[in-house]
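This report concerns only the one structure given below.
Quick note: the coordinates plus some simple rules give every number you see, no bench work behind them. Please read all numbers here as calculations on a predicted model, not as lab measurements. Cβ placement follows ideal geometry from the backbone for every residue including glycine, while neighbour counts extend to all protein chains displayed.
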Amino acid sequence: MSATPDAKELNEMMRWLGPEAGGADNFDELCRAVGIRKNKEHAARFAKVPFAERIVLVPQCLRRLGKCRAKETARGYECARCMACPAGEICIDAERLGYRGVFMLKGGRAVAKVIAETEPKGVVGVACEYEGALGIMECERAGAAVQFVALSRDGCSETDVDVDEVKSVLAFFEE
């Protein structure tokens, strides 16, 4: 895990998970439990959200340094679809499905701002388990159904994600 939680965040997650948090031996397990539990809780509602009312949040750490052609913006990065990293394929698939937008964020703290600005009904989040747990909490505060995909290799740069898993979540829809 790349980030260190503060005591307030840890206590909030422990309260949020309730009795299920008791089985977590460490913070990584607690964050993993958040993602698993919350994906299950939100699945039915998320599946009913039309693609046009969903956004995708991906971390800038997916970028491949020296190869990425994304343009830096005030909010994060605008993916150039250069295919140097998994973000390009995720963006293309989300656009094909008609998603409202894909946001490549510089950090997890930007999640609340993007959600407030775009007011999505559904969010697909890609992140390390720690940032994902925090992002899920932000989505719940805003009333958005969320589905989270954990990075398959985390860290602060050149991370990775199972693109097929992300595509499966992006396409998750039930009329």
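Of note:
- Dipole magnitude for the chain: computed about the Cα centre from +1 point charges on Lys and Arg Cβ and -1 point charges on Asp and Glu Cβ, it is near 560 debye.
- Pairs from Lys8/Lys121; Lys67/Lys106; Lys40/Lys113; Lys8/Lys106; Lys48/Lys106 whose Cα-Cα separation, in the structure shown, is over 19 Å: Lys8/Lys121; Lys40/Lys113; Lys8/Lys106; Lys48/Lys106
- Here Val58, Val161 are placed in order of increasing Cβ neighbour count within 10 Å, fewest first, which gives Val161, Val58.
- Dividing the summed -39500 (n - 2.57) terms of all DSSP H runs of n ≥ 4 by the residue count of the chain sets its mean residue ellipticity at 222 nm at -13500 deg cm²/dmol.
- The 3J(HN,Hα) values that the Karplus relation (6.51, -1.76, 1.60; θ = phi - 60°) gives for segment 76-84 are, in residue order, x, 10, 9, 4, 8, 6, 7, 6, 6 Hz. Gly and Pro appear as x.
- Percent RCO, i.e. relative contact order, over the chain, from Cα pairs under 8 Å lying at least 6 residues apart: 29
- Here the Kirkwood formula, the inverse mean of 1/r across different C-alpha pairs, assigns the chain a hydrodynamic radius of 16.1 Å.
- Simple label model, 7 Å out from Cα along Cβ direction - Glu72 to Glu140, nm: 3.5
- Relative packing of 28-37, 65-74, which averages over residues the other C-beta atoms within 10 Å, highest first: 28-37, 65-74
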